[in-house]
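Engineer: Sharing a structure here in structure tokens format.
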Amino acid sequence: MTEDKDKKDVKKTEKAVEKHGSPWVDNLLMPALAVFTGLVVGGIIVIISDDTAIEAWRHFFSAPGTALKASWDAVITAYSALFGGALGNPKTIIAGFQTYFSTGDTTALLKSIYPFTESLVLATPYIFAGLAVALGFRCGLFNIGAEGQFFMGALGSAYIGYSITGLPWFIHLPLALLGGAAAGAIWGAIPGYLKARFGAHEVVNTIMMNWIAFRLSDWLLTGPMKASGFRPVTPSVEATAELPRFFPDPLRFNWGFPLALLFAFLVYWFLFKTTLGFEIRAVGANPDAAKYSGMSVVRNFVLVMTLSGALAGLAGSAQVLGTDHWVGQGFSAGYGFDSIALALLGKSHPLGVVLAALLFGILRGGATNMQSVARIPIDLISVIQGMVIIFIAAPDIIRWLYRLRIGRTEQTVLTRGWGK
Amino acid sequence: MSKSTPRPIPPIQNRQRITIGISLLVVGLFMLLVFTRGTQPGQTATFGMNITATSKALTIPDLVLPVQPALYTFIVITVFLGAWQLARGVKSIGWLVGIVAFCFIAAFLIWATKEKSFNLVGMLSSTLGRATPIALAALCGVISERAAVTNIGIEGIMLIAAQTSVVSATITHNLYLGVIVALLTGGLVAGIHALLVIRFKVDQIISGTAINILGAGMTSFISSRYLEAHIDQLNNSGTFKIISIPVLSNIPILGPIFFENSPIVYIMLIIVAVMYVVLFYTPWGLRTRAVGEHPKAADTLGINVFLVRYINVIIGGMIAGLGGAYFTIGSVGRFDQNMTAGKGFIGLAAMIFGKWNPIGAFLSSLLFGFADSLQVKMQILSVPIPSSFLAMAPYIVTMIVLTGIVGRAIPPAADGQPYEKQ
């Protein structure tokens, strides 16, 4: 009898361990496998869309080796073009350093590190926008509006950047950043307020705010904020409002990236080291419990949506002040939507967000090269990102694919229906 | 409680009464200040009542309205209703807001067309066309969410179905086959959504977002990899001919609006009616609503909650797929990247505005379609209001509705929550 009971207890403990899982499995292994599986799916699509590979598969039974080799070649060509275009060629980078150390000539070096710095440039808005969505998730709020907040932030920064002249940079640049953050914050605060005051679901309202932002920008870019000329774009911002670049053109790597890292640290500090951050996480984990322990759920909703909007706005600011210097139609280009994938991949932790943003920056940075070298349309990246979201959100699929028996954690439900 | 004693009005209703009353008066004041400015006695606005010369409808004379009297009529109605609401309160807020909205739009149109001519029936006819994909998206939302599965992936479903339908129709030279393929793809993609959220318990919003990203990515990928190089072989299907219903299409005004349309529009109208009957007057509808409101109770009564959800989501996907087909084989005959342009999201808004009711969803789709076609027409009339602001109207209206100040929109109780069988 007792033995049986002991056995049962042991089993129970095992189950409990299984249930809670280890943080390593949850936070590193699962995301890594999700990304890997996403890339595998992308690879399959590359094979299907490759004429040579398809031709070889037709003769699979007579020459199976050729089919496999052709497929392998197609995938390798595509992904080496992707990652080569994003990270640069290590050999040329080493050669560049050698020339620099022996002759002091930087041309070769700068050329060799261009792809990598460009990926970092692309990762910059991703870090901000990912932090925005992650902050929302931590409070149990789903901010689908990062796209619109990004756009408004960019327009706000651009407006301050080009309309005010004659300021020294140490006033103009912070002001322009602040303008972007404020525009994004307003765009986030409205759904936050509506949720807190009327219980209107933030998912619907942030979607609506996105479309309002797009239509508003249509008007602004063809009317009040239009630069002279035919194209619906804003004038370029003043040099004093630009985020300074580290290297001469065409390298666009700028202070936006360190600034993004700083904000990632600030968000980490805010969430995990301050009372307010604790409250936010408590509300996210269990709003009822938080309410009965005396926290104001309503106030936290408004606060988090405002901060989240400000961060997404800063993503737009970084893009306009650091990289493009002007805003045109379709400026947001999916950054806000991708950032949802990114926040999920980074498990809503600032460090995870930074890593995921680097990955997305690399994917986006290499995609152009992949298109020109391997003739694979850029949109493959979106497919991979979509798959990654599904695999992250449905870890059971990953477990089933790789026969994993660990890390069976309780899944958190992020959204609670429209009206609640 | 005896019948004769009047119940005291609760303070919350009191506040709502005053808020709405004052808002209506503000609307009236706005109309008085903006729309009557610069009008002179004797000015007229001409509204075209015939769609085109080719239409089968009997020709009737155009409507010529004297600007000032017409404007003042609508303003007086608005102000009167506002004052009445402020003083006494009206039982049916929906009707009140509806009438005032009508007055406002009518006054706006008269103001915009003063000294000009404007084809009213033409616009109303294009309203139904523009409302069709919105309505189909909204109906997809209604049937899924009545079974408590939110689907924000409608946009992605419509994009994918738009592409598959045009490609299959081009290859087979058969538009009806294109529609069937669109239904199947829509059902398939929605089935994946259902599988993810029901079997794998993925957060419903995240699954929908993934479908949207995947849909945009896949269709753009296929478009730039295959369709652009082989337009004639793959992406040029032609469109459905307009079908005129005999006799009915001869009716002036109503004929060209309702009875001279693409078959998809008729199918949409049929779906609205069928879904209404099914949801509210059949056992299946009762089961669906039970699953959406209280899945545990439904389960106890022997209803297979998961099965009901799967079927409803898949049927919803097929309806959205039809909406996708409308973009390609229903209107332009080819696929363009991201051509749905947010109609799936407007459909969601229409669903909420229509309070999760098929007929309500259809009527709000008409309203949004109206705003959409009005916006295009306003550019032609060169009204001093940027058309972008009109395009924003549906989104703003949805946000106001969600606040619950004007008509509370209450979703099915279990909407968005996964069901755990115990």
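The values are calculated or read from the model by the stated rules, or taken from the named source; none is laboratory data. For clarity, every value in this text was computed on a predicted model and none was experimentally measured. Every residue, glycine among them, receives a Cβ derived from its backbone with ideal geometry; neighbour counts consider all protein chains shown.
Engineer: Name every residue in region A:103-119 that is modelled with pLDDT of 85 or more and polar (S, T, N, Q), in order of residue number.
Structural biologist: A:T117, A:S119, listed by residue number.
Engineer: Here's another thing I want to ask about it. Confirm whether A:T165 is of a type outside the set (D, E), in contact with a His (Cβ under 6 Å, 6 or more places away or on another chain) and more than 10 Å from every other protein chain (Cβ to nearest Cβ).
Structural biologist: no
Engineer: Within region B:72-90, does at least one residue satisfy the condition of being within 27 Å of B:M351 (Cα to Cα), part of a helix (DSSP H, G or I) and of a type in the set (V, I, T)?
Structural biologist: no
Engineer: Being within 24 Å of A:A374 (Cα to Cα), in contact (Cβ under 8 Å) with a residue 60 or more places away in the chain and among the hydrophobic types (A, V, I, L, M, F, W, C) is the filter here; which residues of region B:218-259 pass it?
Structural biologist: Passing the criteria: B:L227, B:I231, B:L234.
Conditions (1) in contact with a Lys or Arg (Cβ under 8 Å, 6 or more places away or on another chain); (2) of a type in the set (A, V, I, L, M); (3) away from every other protein chain (no Cβ under 11 Å), marked per residue:
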site	(1), (2), (3)
B:L363	no, yes, yes
B:P384	no, no, yes
B:S388	yes, no, no
B:V397	no, yes, no
B:I400	no, yes, no
B:G404	no, no, no
B:Y419	yes, no, yes
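Engineer: If you don't mind, another one. Taking the conditions exactly as written (at pLDDT below 90, in a helix (DSSP H, G or I) and either in contact with a Gly (Cβ under 6 Å, 6 or more places away or on another chain) or within 14 Å of another protein chain (Cβ to nearest Cβ) (or both)), does A:E147 satisfy them or not?
Structural biologist: Taking the combined requirement at face value, the residue does not satisfy it.
Engineer: Within region A:91-121, how many residues turn out to be under 27 Å from A:Q319 (Cβ atoms) and aromatic (F, W, Y)?
Structural biologist: Selection size over region A:91-121: 2.
Engineer: For region B:372-382, name all the residues that are touching a helix residue (DSSP H, G or I) at 6+ places or on another chain (Cβ under 7 Å) and either under 26 Å from B:Q16 (Cα atoms) or away from every other protein chain (no Cβ under 11 Å) (or both).
Structural biologist: B:D372, B:S373, B:L374, B:K377, B:M378, B:Q379, B:L381
Engineer: Kindly provide the set of residues from region B:223-262 that are farther than 19 Å from B:N50 by Cβ and of a type in the set (V, I, T), ordered by number.
Structural biologist: B:I231, B:T239, B:I243
Engineer: Among the residues of region A:194-211, what is the count of those that are farther than 16 Å from B:I352 by Cα and more than 7 Å from chain B (Cβ to nearest Cβ)?
Structural biologist: Number of matching residues: 3.
Engineer: I would also like to ask the following. Report, by residue number, each residue of region B:339-355 that is touching a residue at least 60 places away in the same chain (Cβ under 8 Å), facing another protein chain (nearest Cβ under 10 Å) and surrounded by fewer than 24 Cβ atoms within 10 Å (Cβ to Cβ).
Structural biologist: Selection gives B:G342 alone.
Engineer: Would you call B:L322 modelled with pLDDT of 80 or more, surrounded by fewer than 18 Cβ atoms within 10 Å (Cβ to Cβ) and away from chain A (no Cβ under 14 Å)?
Structural biologist: Against the criterion (modelled with pLDDT of 80 or more, surrounded by fewer than 18 Cβ atoms within 10 Å (Cβ to Cβ) and away from chain A (no Cβ under 14 Å)), B:L322 does not qualify.
Engineer: Does A:W255 count as more than 14 Å from chain B (Cβ to nearest Cβ), in contact with a Pro (Cβ under 8 Å, 6 or more places away or on another chain) and either under 30 Å from A:Y114 (Cα atoms) or surrounded by 15 or more Cβ atoms within 10 Å (Cβ to Cβ) (or both)?
Structural biologist: Criteria met by A:W255.
Engineer: Turning to a different aspect of this structure: What helices (runs of 4 or more DSSP H), lying completely within region A:41-122, carry at least 2 residues that are buried (at least 20 other Cβ atoms within 10 Å of the Cβ)?
Structural biologist: A:51-58, A:64-87
Engineer: With out of contact with any Phe, Trp or Tyr (no Cβ under 6 Å at 6 or more places or on another chain), on the phi > 0 side of the Ramachandran plot and hydroxyl-bearing (S, T, Y) as the only criterion, which of B:S373, B:S387, B:S382 stands out?
Structural biologist: On inspection, the qualifying residue turns out to be B:S382.
Engineer: Return yes or no: is A:A343 within 12 Å of chain B (Cβ to nearest Cβ), in contact (Cβ under 8 Å) with a residue 12 or more places away in the chain and of a type in the set (A, V, I, L, M, F, W, C)?
Structural biologist: yes
Engineer: Considering only residues that are among the hydroxyl-bearing types (S, T, Y) and in a helix (DSSP H, G or I), which ones fall in region B:244-282?
Structural biologist: Selection gives B:S249, B:Y266, B:Y276, B:Y281.
Engineer: If you take the residues of region A:346-380 that are free of Cβ contacts under 8 Å to residues at least 40 places away in the same chain and not in a helix (DSSP H, G or I), which of them is nearest to A:T52 (Cα to Cα)?
Structural biologist: In this case the residue turns out to be A:R375.
Engineer: I'd like the full set of residues that are surrounded by fewer than 18 Cβ atoms within 10 Å (Cβ to Cβ) and under 22 Å from B:F200 (Cβ atoms), limited to region B:289-298.
Structural biologist: Correct list: B:K296 only.
Engineer: While we're looking at this one, here's another question. I'd like to verify a number: residues in region A:212-236 that are among the β-branched types (V, I, T) and facing chain B (nearest Cβ under 10 Å), how many?
Structural biologist: Final tally of qualifying residues: 2.
Each row is one residue, and each column tells you yes or no for (1) of a type outside the set (K, R); (2) under 17 Å from A:Y159 (Cβ atoms); (3) crowded, with 24+ Cβ neighbours inside 10 Å.
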| residue | (1), (2), (3) |
| --- | --- |
| A:V304 | yes, no, yes |
| A:G313 | yes, yes, yes |
| A:G316 | yes, yes, yes |
| A:Q319 | yes, yes, yes |
| A:H325 | yes, yes, no |
| A:G336 | yes, no, yes |
| A:A341 | yes, no, yes |
| A:L345 | yes, no, yes |
| A:L355 | yes, no, no |
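Engineer: Considering each of B:L86, B:L96 in turn, give the residue that is in contact with a Gly (Cβ under 7 Å, 6 or more places away or on another chain), of a type in the set (A, V, I, L, M) and in the same structural domain as B:Q43 (by TED's automatic domain parsing).
Structural biologist: From the options B:L86, B:L96, the qualifying one is B:L86.
Engineer: Is it the case that region B:204-217 has a residue that's closer than 30 Å to B:F259 by Cβ and in contact (Cβ under 8 Å) with a residue 12 or more places away in the chain?
Structural biologist: no
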